[in-house]
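What follows draws every value from the coordinates through simple rules; no lab data is involved. Everything numeric in this text was worked out from a predicted model, so none of it was measured. Neighbour counts run over all protein chains shown; Cβ positions are idealised from the backbone, glycine included.
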Amino acid sequence: MSLETKSSMCIKEELREDPELAELIDRHGHIDLFHSADLYQQLVCMIIEQQVSTASARAVQERFFKQFEVTPEKIIDLDDEELKNAGLSRQKA
């Protein structure tokens, strides 16, 4: 079992301990806590999502993942201008 799967399962179990959240989970079903099984890619998504709307984050993520191979080795070689052109703010680049 992957680290992502274990983490997701632990979080979901904890969420179900809250009666109100358990009711929502029962009513709405599966909660997708991670965008990717790759923890580095998940970290990138979380950074992109900070302080922007869901729609904006989704658009930036799509553009970012289409333009770049999202691995630590590839991202480290990108300059700030490339990151900003993909939609990241100056602070996130």
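Just a few scattered comments:
- Net charge of neighbours whose Cβ lies under 15 Å from the Cβ of E17, counting Lys and Arg as +1 and Asp and Glu as -1: -4
- Local electrostatic count at R90 - Lys and Arg +1, Asp and Glu -1, tallied over other residues with Cβ under 14 Å: -2
- Net charge, T71 excluded, C-beta distance under 12 Å - Lys, Arg +1, Asp, Glu -1: -3
- In straight-distance terms, cross-link reach from K74 covers every one of the aspartates and glutamates whose alpha-carbon lies under 14 Å from its own, apart from those fewer than eight places away in the same chain; here that gives E82.
- Partners of K12 within straight-line reach, counting aspartates and glutamates whose Cα lies under 15 Å from its Cα and excluding those fewer than 8 residues away in the same chain: E4, E20, E23, D26, D32.
- Here the Karplus curve 6.51 cos²θ - 1.76 cosθ + 1.60, taken at θ = phi - 60°, turns the phi angles of region 72-88 into couplings of x, 5, 7, 5, 4, 7, 7, 8, 4, 5, 4, 5, 5, 5, 7, x, 6 Hz, with x standing for Gly and Pro.
- In nm, spacing of pseudo-spin labels at L24 and I76 (7 Å Cα→C-beta vector): 3.9 nm
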